[in-house]
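K.L.:
I am attaching a structure below and will ask some questions about it afterwards.
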Amino acid sequence: MSSVELHPGRLSRAQRRVGGGIAADVFSEDGLFRLLFPNAALRRHGVDRLHRGLLEAIPSTTTISRAVEEKALVGCSLWVPPGCWPYPSRFYRKSARQTRKLIATSGLDADAAEPFLSEVASAHRQEPHWYLQLLMVAKAHQGRGLGMQLLAPGLAAADREGVLCVVETQAERNLAFYGRFGFAVTATTTDPTGTATMWTMVRQPR
């Protein structure tokens with residue numbers, strides 16, 4: 001079996017393409033994406049393209065870790081350092097252009113999710129913190145400890161700086177995983193239809 005290596009730095013175009021596919025495999029049935037992409041036949045495509053766009057547009061301040069096996073991406077994490085979230089306005093301008101494409105190609109219904117996402121944002125901690133924006137591992141590579149390795153850069157930085165870590169997860173199965181690293185639920189948000197739930201979790205520095 002070949003070994004997986006972790007590297008810092010931005011993803012290549014080929015890795016972003018693979019990353020979109022990983023996101024589609026891992027996240028497509030989560031509640032938020034069922035809200036955003038109500039057409040099940042188009043949902044995988046929408047989740048794929050949404051994450052490709054994210055991986056391309058993220059600012060240079062974000063700490064990126066890539067898990068690579070024989071040059072192929074098998075997982076990644078995005079950690080946003082204190083004072084860098086929300087992202088600069090240019091990121092959201094670029095996101096708006098992508099939104100228009102996703103409405104046309106994937107049936108994106110951003111309006112359906114907006115009240116839910118606004119409530120999630122209101123529960124986001126305001127004090128300095130490292131924010132885990134994204135953690136994903138290809139299904140075939142889950143259970144090998146890659147998630148722990150991809151978490152490590154943000155956890156270590158937060159401990160050095162004596163600040164919180166924050167993550168928002170929409171999968172209840174993730175609560176025990178993050179709990180192993182000291183995260184605890186501080187807020188739970190559910191949309192009015194019951195389709196999506198988001199758990200805000202916070203970790204104190206060690």
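The values are calculated or read from the model by the stated rules, or taken from the named source; none is laboratory data. A quick note: this is a predicted structure, and the numbers were derived from the prediction, not measured. So basically every Cβ, Gly included, is an ideal-geometry build from the backbone, and we count neighbours across all protein chains shown.
K.L.:
So Gly182 ticks every box in (1) under 26 Å from Arg17 (Cβ atoms); (2) over 15 Å from the mean Cα position of the chain (by Cα) but one. Which box is left unticked?
P.N.:
(1)
Residues checked against (1) of a type outside the set (A, V, I, L, M); (2) surrounded by fewer than 18 Cβ atoms within 10 Å (Cβ to Cβ); (3) farther than 19 Å from Arg97 by Cβ; (4) at pLDDT below 95:
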position: Leu35; (1), (2), (3), (4): no, no, yes, no
position: Val47; (1), (2), (3), (4): no, no, no, no
position: Ile64; (1), (2), (3), (4): no, no, yes, no
position: Lys71; (1), (2), (3), (4): yes, yes, yes, yes
position: Ser77; (1), (2), (3), (4): yes, no, yes, no
position: Val80; (1), (2), (3), (4): no, no, yes, no
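K.L.:
Something else: Taking the conditions exactly as written (farther than 26 Å from Gly19 by Cα and either among the basic types (Lys, Arg) or within 17 Å of the chain's Cα centre (by Cα) (or both)), does Arg125 satisfy them or not? Lay out the reasoning, then the answer.
P.N.:
Details: farther than 26 Å from Gly19 by Cα: yes; either among the basic types (Lys, Arg) or within 17 Å of the chain's Cα centre (by Cα) (or both): yes.
In short, yes.
K.L.:
Only one residue in Arg100, Arg90 is closer than 18 Å to Asp48 by Cα, free of Cβ contacts under 8 Å to residues at least 12 places away in the same chain and in a helix (DSSP H, G or I). Which one? Lay out the reasoning, then the answer.
P.N.:
Details: Arg90 fails: closer than 18 Å to Asp48 by Cα.
None of the others qualify; the one that does is Arg100.
K.L.:
Kindly indicate whether any position in region 21-31 is more than 22 Å from Pro86 (Cα to Cα), surrounded by fewer than 18 Cβ atoms within 10 Å (Cβ to Cβ) and either in contact with a His (Cβ under 8 Å, 6 or more places away or on another chain) or among the hydroxyl-bearing types (Ser, Thr, Tyr) (or both).
P.N.:
yes
K.L.:
Moving on. For the condition among the basic types (Lys, Arg) and at pLDDT below 95, what is the one hit in Arg173, Arg180, Arg160? Let's see the steps before the verdict.
P.N.:
Numbers: Arg180 fails: at pLDDT below 95; Arg160 fails: at pLDDT below 95.
The match here is Arg173.
K.L.:
Hand me the list of strands (runs of 3 or more DSSP E) wholly inside region 108-206 holding 2 or more residues that are touching a helix residue (DSSP H, G or I) at 6+ places or on another chain (Cβ under 9 Å) and surrounded by fewer than 16 Cβ atoms within 10 Å (Cβ to Cβ).
P.N.:
Working: elements: 129-137, 164-169, 183-190, 197-203.
Ranges flagged: 183-190.
K.L.:
Within region 19-40, track down each residue that is touching a Gly at 6+ places or on another chain (Cβ under 9 Å) and without any contact (Cβ under 8 Å) to a residue 60 or more places away in the chain.
P.N.:
Gly20, Ala24, Ser28, Phe33
K.L.:
Can you name the residue in region 60-87 that is in a loop (DSSP other than H, G, I, E, B) and more than 14 Å from Leu132 (Cα to Cα) and is also farthest from the chain's Cα centre (by Cα) among such residues? Before the answer, list the steps.
P.N.:
Initial filter on region 60-87 (in a loop (DSSP other than H, G, I, E, B)): 60-62, 70-71, 81-87.
Still in the list and also more than 14 Å from Leu132 (Cα to Cα): 60, 70-71.
Details: Ser60: 16, Glu70: 24, Lys71: 22 Å.
Ranking the qualifying residues of region 60-87, first place goes to Glu70.
K.L.:
Among (1) within 23 Å of Arg100 (Cβ to Cβ); (2) out of contact with any strand residue (DSSP E or B) (no Cβ under 7 Å at 6 or more places or on another chain); (3) of a type outside the set (D, E, K, R), where does Ser60 come up short?
P.N.:
(1)
K.L.:
Checking Leu42 against (1) surrounded by fewer than 17 Cβ atoms within 10 Å (Cβ to Cβ); (2) not in a helix (DSSP H, G or I), which single condition isn't satisfied?
P.N.:
(2)
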